[in-house]
1. Search the stretch 182-205 for residues being farther than 26 Å from residue 116 by Cβ and either part of a helix (DSSP H, G or I) or in contact with a strand residue (DSSP E or B) (Cβ under 8 Å, 6 or more places away or on another chain) (or both), and hand back the single one that is nearest to ligand 2 (Cβ to nearest atom).
2. Quick one: which of 151, 98, 145 is touching a residue at least 40 places away in the same chain (Cβ under 8 Å), surrounded by fewer than 21 Cβ atoms within 10 Å (Cβ to Cβ), more than 7 Å from ligand 1 (Cβ to nearest atom) and not in a loop (DSSP other than H, G, I, E, B)?
3. Among the residues in the stretch 47-64, are any within 16 Å of ligand 2 (Cβ to nearest atom), outside any helix (DSSP H, G or I), in contact (Cβ under 8 Å) with a residue 12 or more places away in the chain and loosely packed, with under 15 Cβ neighbours inside 10 Å?
4. Among the residues of the stretch 217-251, count how many are in a helix (DSSP H, G or I) and more than 16 Å from ligand 1 (Cβ to nearest atom).
5. Of the residues that sit in the stretch 65-81 and are in contact (Cβ under 8 Å) with a residue 40 or more places away in the chain, within 16 Å of ligand 2 (Cβ to nearest atom) and surrounded by fewer than 18 Cβ atoms within 10 Å (Cβ to Cβ), which one is farthest from the chain's Cα centre (by Cα)?
6. Would you be able to say whether some residue in the stretch 20-38 is in contact with a helix residue (DSSP H, G or I) (Cβ under 8 Å, 6 or more places away or on another chain), within 10 Å of ligand 1 (Cβ to nearest atom) and in contact (Cβ under 8 Å) with a residue 12 or more places away in the chain?
7. Go through the stretch 110-133 and report how many residues are more than 9 Å from ligand 1 (Cβ to nearest atom), surrounded by 20 or more Cβ atoms within 10 Å (Cβ to Cβ) and not in a helix (DSSP H, G or I).
8. Quick one: residue 26 ticks every box in (1) surrounded by 14 or more Cβ atoms within 10 Å (Cβ to Cβ); (2) more than 19 Å from residue 130 (Cβ to Cβ); (3) away from ligand 2 (no atom under 16 Å from the Cβ) bar one, so which box is it?
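Please treat every number below as a calculation from the coordinates, not as lab data. This structure is a prediction, so every number in the text was calculated from the model and none was measured. Neighbour counts are summed over all protein chains in view; Cβ atoms, including those assigned to glycine, are modelled from backbone coordinates with ideal geometry.
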Ligand code: HEC
Ligand code: HEC
């Protein structure tokens, strides 16, 4: 046989084997996490108003509701530009075909904690499931209860425009293998730590990423090249040394910086649809946790 053919065949076999092993390992890690959460979820019942609140804490409304007049809550279609292409958040209303109206609790849990769709494909990490992995079972069932009540919107969101080869969802298994940590820590020293690391997904924007889009750490030390190429400041205790707990609480409520200016861009949306709608005591928890330096 021609030597070139032999090399090609060996290379193909190698690629297939590596892909097989990676898929097996990621599937295994994902199923351990799903089983753990489903076990915790059993016996819990969801509460609609707590679920609505959890959606503020998780920033769901900012990403899934178009910021245009008349846009329906969670109707999707919000463009999110990244170095890998343009994403459009999906419709997550209770519509049976355009939204997620037919989803079971298990479908929802799988999407939220390991980024797997009901048909088994991988979600892009633009959907911050890498932080939602640690969301409490109660928050998850509450969110599901609320989502089931959100008025259906019969319009599907546009398709993502992602560059090849990432346009093939199967490639995301390698990203997950390298950068996603699906281990489920549910031990948080304070509610503030939980809100920052879990639902609030602050690290997704406030921590540095490398060229492949994986988080280098969850250190909150800032990202010079954040969403839309804009820099995101560090929010460690050291970086915030000029701030008091009260300054931070006010910032998380109305977006005012310590120099009296108002924040803009992505953080303004995080506040408007998220932290600004939390209770004063949750904002205090977040502020105290950031200034405690426990995350550094
Ligand atoms: C930073 C923006 C962002 C935030 C915040 C966000 N999402 Fe999403 N979400 C997305 C994107 C983008 C996708 C599509 C991912 C894909 O197609 O691979 C998505 C997908 C989903 C899906 C799968 C929908 C489907 O049709 O398959 C669900 C369910 C979902 N999000 C629920 C939530 C909930 C609940 C929250 C809040 C706790 C939330 N999302 C917060 C951007 C976001
Ligand atoms: C979608 C990305 C994104 C997320 C998620 C996000 N932030 Fe921000 N944040 C930003 C950006 C961008 C800025 C800078 C905004 C500006 O230039 O005015 C910022 C600014 C801040 C500042 C002001 C810091 C300073 O020195 O000016 C604080 C404090 C802050 N964020 C806290 C948080 C907390 C707490 C969370 C989680 C609950 C969070 N952020 C989640 C993008 C984000």
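1. Restricting attention to the stretch 182-205, the residues satisfying the condition of being farther than 26 Å from residue 116 by Cβ are 189-193.
With either part of a helix (DSSP H, G or I) or in contact with a strand residue (DSSP E or B) (Cβ under 8 Å, 6 or more places away or on another chain) (or both) added as a condition, the list becomes 191-193.
Working: 191: 13, 192: 9, 193: 11 Å.
Of everything passing the filter in the stretch 182-205, 192 is nearest to ligand 2 (Cβ to nearest atom).
2. On the way: 151 fails: not in a loop (DSSP other than H, G, I, E, B); 98 fails: not in a loop (DSSP other than H, G, I, E, B).
Only one candidate qualifies: 145.
3. To start, the set of residues in the stretch 47-64 that are within 16 Å of ligand 2 (Cβ to nearest atom) comprises 53-64.
Narrowing further to those that are outside any helix (DSSP H, G or I): 59.
Cutting the leftovers down to in contact (Cβ under 8 Å) with a residue 12 or more places away in the chain gives us 59.
Of the ones still in play, those that are also loosely packed, with under 15 Cβ neighbours inside 10 Å are none.
There is no residue in the stretch 47-64 that is within 16 Å of ligand 2 (Cβ to nearest atom), outside any helix (DSSP H, G or I), in contact (Cβ under 8 Å) with a residue 12 or more places away in the chain and loosely packed, with under 15 Cβ neighbours inside 10 Å.
4. At the first step, the residues of the stretch 217-251 found to be in a helix (DSSP H, G or I) are 227-229, 245-251.
Next cut, more than 16 Å from ligand 1 (Cβ to nearest atom) only: 245-251.
Of the residues in that region, 7 qualify.
5. 67
6. No, because not a single residue in the stretch 20-38 is in contact with a helix residue (DSSP H, G or I) (Cβ under 8 Å, 6 or more places away or on another chain), within 10 Å of ligand 1 (Cβ to nearest atom) and in contact (Cβ under 8 Å) with a residue 12 or more places away in the chain.
7. 2
8. (2)
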